[in-house]
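The values are calculated or read from the model by the stated rules, or taken from the named source; none is laboratory data. Keep in mind that this is a model prediction, so the values were computed, not measured. FYI the Cβ positions are ideal-geometry reconstructions off the backbone, even for glycines, and counts take in every protein chain you see.
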DNA sequence: CTTTCTCGAACGAACGTTCGAACGGCCGCC
DNA sequence: GGCGGCCGTTCGAACGTTCGTTCGAGAAAG
């Protein structure tokens, strides 16, 4: 019954988490709607009826995946944002947090991005609420950057352009490919930051909070 | 029978186009898979069986929408790219073409972006082929820009970041809202171009094709 | 023995698709 | 001019399948 604890002890919780992880993988592979409960049953080894001991409905399965995933992104972000007050540095943290989490949880994040409108009613409201909170946070940080460094790009366009860049990666990026997560973060940060601020030579600065400027090949990785 | 003419004369072609437009709208609203042929029947006023006089299957309906839409984007782009040989100007044309077409055909373009993997087999290949062609074209232009102006952003990241920015707009942009298409294009162009090229003052230039930016002094250093 | 967990079997609903009959305008033939 | 036949078009009704979900019996665990 201790559902929101980070560590699970009971078999129930472990099995539920396993079902959610598996379901997320299949939802990511073939989409939420084309996936049947029988698909999930087959992939998990749990009988069709047995699934309903762990969730009330297929909708709730999607909700649990999205809500839990979004919650972790937000939690990690708030935590890291406490580290610094510098606007540009905070923006870097946003990008680093989002992309490294995305790369480390590709299936869940694809489901979160691609199936945003597949829920309805109260479940949709809950996830939408978290999304709005996230969007507002990022927008506020962008405003701070603009206040500190100037910039002529519309705030709304910039915010959604950033989300577009970041959320599109499930369409092409392979975390196991030649491009490391660090390089990805580095490039996106440079691309966006330099385009967003007024005009600034130091926009080429290194991405990480505490890395020196040496040309380091991507070693580091979040999470 | 004259299927690939731009102008339709027969009743058949007009009605097929009407069905495709309506289907695209509903696919965009509630997604391809959750939409039933009965939904399309209801929205068009054509009986359920009647729809199958105009298409072989629901899949083909989606294919016709995507293929036709993509074809028009590509056609318009190739046409416009003939206007100039300047790399930066060509990049501007790409962005202008993509976004203005997107804004003018929101439903079709959302279906094209969001339902990219909803087709299989040969139909999927056909659309995928056009997408690859489009991607390669844009990537080549970006490489030209980089060759002319410099820039330190990875070409693959830049290409997909640009597509991410542009294709994400169906998640937030309302063509009838306060932000005009021109402003949108203007902002995205500025944001991306300034972030992508090494460092360049004229990145604030006007969006339209023919601007008189002979050569502005390159004030900001690159790298 | 009680509680927690599991599943085969079945339910009604909705799905994509098909079939054969009917419609309406247009042609040539009486 | 009237008429039978043809062809492009339309649709009500139904087919077989798959869907999400439920139920009650039984196994496992404590």
Of A:93, A:81, which residue is within 15 Å of the chain's Cα centre (by Cα) and away from DNA strand D (no atom under 14 Å from the Cβ)? A:93
Within the range B:14-31, track down each residue that is within 15 Å of DNA strand D (Cβ to nearest atom) and within 14 Å of chain A (Cβ to nearest Cβ). B:31
State yes or no: is residue B:162 in a helix (DSSP H, G or I), in contact (Cβ under 8 Å) with a residue 60 or more places away in the chain and touching a helix residue (DSSP H, G or I) at 6+ places or on another chain (Cβ under 9 Å)? yes
Note: among B:36, B:57, just one is within 14 Å of chain A (Cβ to nearest Cβ), farther than 29 Å from residue B:98 by Cβ, within 16 Å of DNA strand D (Cβ to nearest atom) and at pLDDT 95 or above, namely B:36
Return a yes/no flag: does the range B:96-112 have any residue that is within 15 Å of DNA strand C (Cβ to nearest atom) and under 28 Å from residue A:59 (Cβ atoms). yes
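Among the residues of the range B:140-159, which ones are surrounded by fewer than 17 Cβ atoms within 10 Å (Cβ to Cβ) and assigned to a helix (DSSP H, G or I)?
If the condition is that a residue be surrounded by fewer than 17 Cβ atoms within 10 Å (Cβ to Cβ) and assigned to a helix (DSSP H, G or I), then B:140, B:143, B:144, B:147, B:148, B:155 are the ones that fit.
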Determine which member of the set A:92, A:76, A:139 is in contact with a helix residue (DSSP H, G or I) (Cβ under 8 Å, 6 or more places away or on another chain) and touching a residue at least 60 places away in the same chain (Cβ under 8 Å). A:92
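Picking from A:148, A:205, A:209, which residue would you name as being within 15 Å of residue A:88 (Cβ to Cβ), more than 11 Å from chain B (Cβ to nearest Cβ) and modelled with pLDDT of 90 or more?
A:148
If the requirement is being in contact with a helix residue (DSSP H, G or I) (Cβ under 8 Å, 6 or more places away or on another chain), within 13 Å of chain A (Cβ to nearest Cβ) and under 22 Å from residue B:109 (Cα atoms), which of these qualifies: B:196, B:192? Step through it out loud before you land on a result.
Working: B:196 fails: under 22 Å from residue B:109 (Cα atoms).
After ruling out the rest, the residue left standing is B:192.
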